[in-house]
Structures are given as structure tokens and as C-alpha cells.
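Input: a single structure, listed below in C-alpha cells.
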Amino acid sequence: MKVTLFATCLVDMFQGDVGKAIVEVLERLGCEIEFPESQICCGQPSYNSGYVEDTKNAMKKMISTFEHAEYVVSPSGSCAYMFKEYPNVFKGDPKWEPKAQALAAKTYEFTEFIVDVLKVEDVGAHLEGKATYHTSCHMTRLLGVKQAPMKLLNHVKGLEYTELPGKERCCGFGGTFSVKMGNISEQMVDEKVCNVEETGADLLIGADAGCLMNIGGRIDRQGKPIKVMHIAEVLNSR
């Protein structure tokens, strides 16, 4: 099975270890990984800011980049969902709507791909510690991926899991929201950090680099002894 990795901007620029972990996990599960270097931003920040027409060139670039992929897998539910939005953007366009629909149909978030396509729930991971899990908004509410991460985490040997209070609440990142509404975003992420502390966990796990960057940054500034890990890194632990 050939898998084409849609790394996302944040993983490419700030969290390269997450990308490596995804490749290593999928290769152990028998996948052949491709990484097209022509991939760029999916256009979500500008699209969500209302610059739809200005974003279309970036979207077309991504559609062309992944046109011949068998499966497209991303470490971010938020960015994977953006590909699902492409058909709406190009609705009525005789050339680009069919291509956008084809890309959307073969795009999966990382844990969704493992559980729903590969039909695997135990990847043989082992990690000691007490953990909690942050459910990111786009991945849970828009993409609809809710069970896959928990099915995989439940099979990580040595990991003690505690549910995060207020898990349905946004961490305050929201892409450009955290820039435009900084004061509100700060209060939201402070609440999220408090909820993590309530669990007594020494490890916070998530599946979206943006959320983890936001929460992890606040944890670091407050000097909390809590480690932040992307679920791909957890599943790659041996």
C-alpha cells in the first residue's frame, strides 16, 4: 500500500520528529511512504480569514501535488479536513471540482487511517506514564474522528490513561484566532492547562500540531512538569 504524506506546515517547520514518527509507524505496518516536496500550505489560514479567491491557487497546487496518490495521510485533523473542504470551494468548476472530490475521498488523518483503513488497533507501542488526551476541535467536530485515537492509545502498553475534564472545549488556538483574539485565547489555554493538571497526568497527548504547540507553549511558560507529545510519537515508542 502506497501512502503519500501530507506533512502540514507546522510539522514541516517546527515538529519534524512527528513526521518521522508517522513514517516509521506506517512503514512498520507495511506501507510504502512517499513525500512530494512540492507540497505547500493547504490554504486554511487565509481561507478561514475570508480570502477564498486568493487561496485558490494554493489549493490547486495541493490538488495537483497529490493527484496521483493512492492514499493521503496527515498528522493533523485540521489540515486533513481542509482537503475535505476543497470540493465546496471549487463547486461548479468543471475542471477542479472533480479533482478536489478525488483528493478529499482519499485523504485521512493519521489515526483514522491506521484504524479504519489498515484495520489495526495495536501497533506494538510501549510507553510508561500517566497520560491524558486533548481532542482538537476540527478533528473531532468537523472531520468526525473521535474513536480512532482512543482505540490506539488503549493498546499502548504501560500507559495509564485519565480522561481530560472539559475535553470538548477549545484550547484557544484556532489558527489566526490566537493572534487576533490573544487575550481571549490566553484565558482559554489557561483553562485547558488547569484541566490537564486536574488529571495528575505527566503526559499530554494530542493529534494536532497547532493545539499541541499552543497548549505546550503555555505549559512551558508556566513551568509545569508536563510533557507534550503528538500521538504519532506515542505510537512510535518502543
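The values are calculated or read from the model by the stated rules, or taken from the named source; none is laboratory data. What you are looking at is a predicted structure, and each value in this text was computed from that prediction instead of being measured. Cβ coordinates were reconstructed from backbone atoms using ideal geometry, including for glycine residues, and neighbour counts include every protein chain displayed. Side chains included, ligands, DNA and RNA excluded: accessible areas come from the protein's heavy atoms. Shrake-Rupley method; radii C 1.70, N 1.55, O 1.52, S 1.80 Å.
The C-alpha atoms of the chain define a longest principal axis, and helix 77-89 lies at about 30 degrees to it. Each 5 Å bin from zero up to the one holding the largest Cα-Cα distance in the stretch 1-99 carries the following percent of pairs: 2, 12, 23, 24, 19, 11, 6, 3, 0. Quick one: go through the stretch 176-191 and flag any residue whose amide nitrogen is under 15 Å from the point 7 Å out along the Cα-to-Cβ line of Leu142. Of the residues in the stretch 176-191, 176-178 have backbone N under 15 Å from the label point off Leu142. Measuring spread by the Cα atoms of the chain yields a radius of gyration and Dmax of 17.6, 54 Å. Computed over protein heavy atoms with a 1.4 Å probe, the accessible surface of the chain works out to 47 Å² per residue.
For the stretch 146-238, the number of Lys pairs separated by eight or more positions or lying on different chains, with C-alpha atoms closer than 22 Å, is 12. Which is farthest toward the positive dipole end of the chain among His138, Leu10, Ala148, measuring Cα position about the Cα centre, with Cβ charges +1 (Lys, Arg) and -1 (Asp, Glu)? Of the options given, the answer is His138. One decimal place: the segment Gln222-Asp190 gains 10.6 nm when fully extended, by the rule 0.36 nm per residue minus the C-alpha distance. Would you give the gap between the C-alpha center of the stretch 138-211 and the C-alpha center of the stretch 60-115, rounded to a whole Å? About 24 Å separates the Cα centre of the stretch 138-211 from the one of the stretch 60-115. Here the accessible area is traced with a 1.4 Å probe on the protein chains. For the chain, carbon and sulfur cover 49 percent of it.
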